[in-house]
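A.B. asks: Here it is, the structure, as structure tokens.
The values are calculated or read from the model by the stated rules, or taken from the named source; none is laboratory data. These numbers were taken from a predicted model, which means no experiment stands behind them. For neighbour counting, all protein chains shown are included, and Cβ atoms are generated from backbone atoms with ideal geometry for every residue, glycine included.
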Amino acid sequence: MKVTSIAITLFAAAASGVFPGPSATAFAQAKKQTPARGETAEAVAQGAEKPQPARPTTYGFEDPAEATMGWRVFPDPKTPSAVTGAERTTEQRRDGTASLRIDLDFGESRQSGEAAVDFILNPPGEPQGTTGDPVNLTNKVITAFVKFRRDLQVKEDRPPGLQLFVKDAQHRSLYGCWQNIEPVMVESEVWIRLTLRTSMRPDLKNECEGAEISKDTSGKASFDPTQIRRLGVKIAANESERLAYQGPAYLDSVSWK
Ligand SMILES: [Ca+2]
């Protein structure tokens, strides 16, 4: 009678979910061991442990009420900005019906500029006017698309370029790979794809041209991808070719995964 009683107790506990039976454990393992196409097993395991918040991670600039979704110029008193403003526009779009127009004014000392969004002032996925915290973008790939008008004159051997960047809560930065703005891209007015991997450590291995990470006083890479405060795009002239241009660039479809 005693043995039967234990068996009944175990059965009842398993059925009520007090502790997982062998089948539940096997299911969890099977779930972890079958990454979706293009994903690593590690990414799936992390995803299982830390579900992503149910909020959009795309800046598509579709809602007129959200205007620029917080994207703007953050003036740097030390460097005159070639980016002078940012406005939502329906002139161009990569997705939906609208994009962000970034106003450019290259000339004299204005040879680079940035437009960015601050996650504390404008938390991603939250309405304007709310404030938030730095965002954990560890091991993410951030993607964005930028387009220029064909009246932008660029030289094939000394083209201007683009970079995505992120800054952490202590204003330390990670700039991604330099993407040339090639004449063919401008002439055909294509959306130029930019990516930034937040796991990148350009001082440790030479991953790509132009990537930069903040360093501490001992010269060691110093950047915290768990505390991202700002995400932006930099548009800059080539080091050996000054640019003179007034006109728009367009940004759309900014996301990460
Ligand atoms: Ca859009």
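A.B. asks: In the list 232, 161, 219, which residue meets the criterion of being at pLDDT below 95 and either closer than 16 Å to residue 82 by Cβ or away from the ligand (no atom under 16 Å from the Cβ) (or both)?
C.D. replies: Selected residue: 219, the only one of 232, 161, 219 that is at pLDDT below 95 and either closer than 16 Å to residue 82 by Cβ or away from the ligand (no atom under 16 Å from the Cβ) (or both).
A.B. asks: Can you tell me which residues in segment 127-144 are surrounded by fewer than 19 Cβ atoms within 10 Å (Cβ to Cβ) and either among the polar types (S, T, N, Q) or outside any loop (DSSP other than H, G, I, E, B) (or both)?
C.D. replies: 128, 130, 131, 136, 138, 139, 141, 143
A.B. asks: Can you spot a residue in segment 59-70 that is assigned to a strand (DSSP E or B) and in the same structural domain as residue 170 (by TED's automatic domain parsing)?
C.D. replies: Within segment 59-70, none of the residues are assigned to a strand (DSSP E or B) and in the same structural domain as residue 170 (by TED's automatic domain parsing).
A.B. asks: With 56, 124, 51, 35 as the choices, which residue is at pLDDT below 95, part of a loop (DSSP other than H, G, I, E, B), within 16 Å of the ligand (Cβ to nearest atom) and out of contact with any strand residue (DSSP E or B) (no Cβ under 8 Å at 6 or more places or on another chain)?
C.D. replies: On inspection, the qualifying residue turns out to be 56.
A.B. asks: Still on this model: Identify, from the list 193, 201, 172, the residue that is more than 27 Å from residue 101 (Cα to Cα) and of a type in the set (Lys, Arg).
C.D. replies: Sole residue among the options that is more than 27 Å from residue 101 (Cα to Cα) and of a type in the set (Lys, Arg): 201.
A.B. asks: Also: Can you find a residue that is in the same structural domain as residue 94 (by TED's automatic domain parsing), β-branched (Val, Ile, Thr), exposed (fewer than 13 other Cβ atoms within 10 Å of the Cβ) and at negative phi anywhere in segment 186-193?
C.D. replies: No, segment 186-193 contains no residue that is in the same structural domain as residue 94 (by TED's automatic domain parsing), β-branched (Val, Ile, Thr), exposed (fewer than 13 other Cβ atoms within 10 Å of the Cβ) and at negative phi.
A.B. asks: Among what's in segment 66-93 and is basic (Lys, Arg), surrounded by fewer than 20 Cβ atoms within 10 Å (Cβ to Cβ) and modelled with pLDDT of 95 or more, pick the residue that is farthest from the ligand (Cβ to nearest atom).
C.D. replies: Of everything passing the filter in segment 66-93, 88 is farthest from the ligand (Cβ to nearest atom).
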